[in-house]
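Below is one structure, written out as structure tokens; comments come after it.
FYI, it's all coordinate maths here, none of it is from the lab. Source: prediction; values computed, not measured. Here the Cβ positions follow ideal geometry from the backbone for every residue, glycine too, while neighbour counts run over all protein chains shown.
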Amino acid sequence: MKNWKRIAAALLAAALALAVLAGCGSSPSSPDAPDAPDAPGGGALRVVVTTFPLYDWTRQVLGDVPGVELVWLQDTGVDLHSYQPTVEDMLLLSSCDLFVYVGGVSDSWVEGALQEAVNPDLQVLSLLDALGDAARLEELADGMQPHDGHDHDHGDAAYDEHIWLSLKNAAVLTEAIAGAVSQADPGHAGAYAANAAAYCEQLAGLDAAYQAAVDAAPLHTVLFGDRFPFRYLVEDYGLDYYAAFPGCSAETEANFETVAFLAGKVDELGLPAVLTIENTDHRVAETIVQNTAAKNAAILTLNSMQGVNEADAAAGVTYLSIMQDNLDVLKQALA
């Protein structure tokens with residue numbers, strides 16, 4: 001998949017270059033060619049981000065500072081792992097003032113896009129880089145089915161890119177975003193710092209609620225009959241986990257050994273629930289439950305924020321609201 005993404009990025013970069021060249025010529029533009037986005041007027045700041053958590057964190061940092069345009073590329077709810085940028089997306093990226101992205105293997109298209117940037121002052125923030133030593137490599141936990149179809153091309157060195165599923169990371173990354181925005185717009189640096197500090201207080205409050213819930217819980221293990229993008233969350237609170245597939249796996253069918261292992265763990269540990277993530281069917285989880293002794297474990301869903309769209313955000317969905325909902329589910333899973 002990564003090679004395909006590289007090819008797609010190269011093709012899109014070529015299309016971007018042609019669009020720029022066409023704009024420099026004297027002949028009229030083709031009616032089918034995408035127009036380069038207008039630069040924000042009056043020296044306004046344009047910030048482009050990829051995923052929903054980045055959009056919501058940046059929105060909190062920006063607050064009500066005037067003259068800032070925030071563009072969310074993946075606002076249709078497309079999964080990070082399957083997103084392919086359009087030519088319009090590439091044009092937006094190339095002309096913005098600040099680009100914020102996760103920086104994992106699913107963002108392999110970014111390198112080619114940045115090479116075609118038309119703004120010489122474009123600032124780029126990779127949040128995996130900003131996280132530094134707190135970033136974790138993907139791991140194949142006990143009983144987890146290897147992801148044969150997951151071609152990171154990085155072998156065992158691929159970083160787990162689901163960095164937003166940690167309130168502690170969220171605070172660090174919000175501050176990183178505030179710093180980058182302040183560099184791009186130093187005239188409002190004080191407002192950005194104050195907004196980030198206020199938001200980080202909210203993150204810290206919910207983080208404390210998670211810790212209190214885990215401390216009070218009789219169980220300290222979660223089990224996923226699905227992909228597992230929550231490694232950062234479980235490490236934050238010292239939880240153990242078992243899962244059918246790694247977080248970036250393309251697998252949807254668990255083999256007999258995986259199902260038997262996970263069903264055995266439900267029985268051994270007395271787990272009341274098998275967890276799934278949003279926007280997936282529950283077939284693997286249901287099969288695990290049916291292979292337990294009691295066959296009565298609940299199937300619950302934790303939201304990994306990989307399908308949030310513009311309509312959800314407009315309806316009031318936020319990073320904090322989803323993480324609060326996840327806490328409510330986690331309490332049930334550890335009861």
Projected label distance in nm at Q183 and D240, using a 7 Å step from Cα toward the beta-carbon: 4.3 nm
What shape does segment 154-196 take by its C-alpha gyration tensor, where a ≥ b ≥ c are the square roots of the eigenvalues and a/c under 1.5 counts as rounded, a/b above b/c as prolate, and the rest as oblate? oblate
For the ranges 292-301, 197-206, what's the packing order if you count other beta-carbon atoms within 10 Å of each residue, average per peptide, and put the highest first? 197-206, 292-301
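With a sphere of radius 12 Å drawn around the Cβ of V68, what net charge do the other residues whose Cβ falls strictly inside it have (Lys, Arg +1; Asp, Glu -1)?
Working: positive: R46, R59; negative: D64, E69, D97, D185.
Surrounding charge for V68 is -2.
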3J(HN,Hα) from dihedral phi, segment 308-321, Karplus parametrisation 6.51/-1.76/1.60, rounded to Hz, x for glycine, proline: 6, 10, 4, 5, 4, 5, 5, 7, x, 5, 10, 4, 5, 5
Would you order R231, R283 from fewest to most other beta-carbon atoms within 10 Å of each residue's own beta-carbon? R283, R231
Take the alpha carbon atoms of segment 195-256, find their center, do the same for segment 111-139, and report the distance between the two centers in whole angstrom. 25 Å
So what J values fall out for segment 82-87 if you push phi through Karplus, 6.51 cos²θ - 1.76 cosθ + 1.60 with θ = phi - 60°, rounded to Hz, Gly and Pro as x? 10, 5, 10, x, 7, 4
Alpha-carbon Debye profile of segment 179-268, log10 I(q)/I(0) at 0.10, 0.12 Å⁻¹: -0.47, -0.60
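Tell me the net charge near V329. Cut-off is 14 Å between Cβ atoms, V329 excluded, with +1 for each Lys or Arg and -1 for each Asp or Glu. Please report the intermediate quantities before stating the final value.
Details: positive: K331; negative: D226, E278, D325, D328.
Computed value for this residue: -3.
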